[in-house]
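Below: the structure, in structure tokens.
Every number in this text was worked out from the coordinates using simple rules, so none of it is lab data. If you're wondering where the values come from, they're calculated on a predicted model, not measured in any experiment. Backbone-built Cβ (ideal geometry, glycine too); neighbour counts: all protein chains shown.
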Amino acid sequence: MVWWIAGAIAGLGLLVLIVAVARLVPRLRRLRRVQRSLRVRADQAQQLMAPALELQQKAEAMQETVLKIQEKVEARAARKADAEAS
């Protein structure tokens, strides 16, 4: 009789385990699809980021050039103002 009870408990535990796994498998498949989709998006974002960083570096270089030109223009304007004042 004790063997029947132990067998029933083990069978019930096995049944619960099978039901839990059966309910978990579809969710894992969906999770894999979402993971794959996110990985593709991350790769696309990385590919888009490279040109953006390159453009940012060019903009910074241009900004330095503009500042140098602006300093030269201001120096010329100051010389011109001094020449007109004298």
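Mean residue ellipticity at 222 nm from the helices of the chain, using -39,500 (n - 2.57) per DSSP H segment of n ≥ 4 over the full residue count, to the nearest 500 deg cm²/dmol? Provide the component values of the computation, followed by the final result.
Values: 1 runs with 84 residues, N = 86.
Taking each H run of at least 4 residues, the total per residue is -37500 deg cm²/dmol.
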Run through every distinct alpha carbon pair of the chain and return the Kirkwood hydrodynamic radius in angstroms, one decimal place.
20.4 Å
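Sorting check: for 1-9, 36-44, which peptide has the highest mean count of neighbouring beta carbons within 10 Å, and how do the rest follow? Please list the in-between numbers first.
Working: 1-9: 8.3, 36-44: 10.0.
Those peptides, ordered most packed to least, come out 36-44, 1-9.
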Dipole axis of the chain (+1 Lys, Arg; -1 Asp, Glu on Cβ), positive-most option in I9, L31, A50:
I9
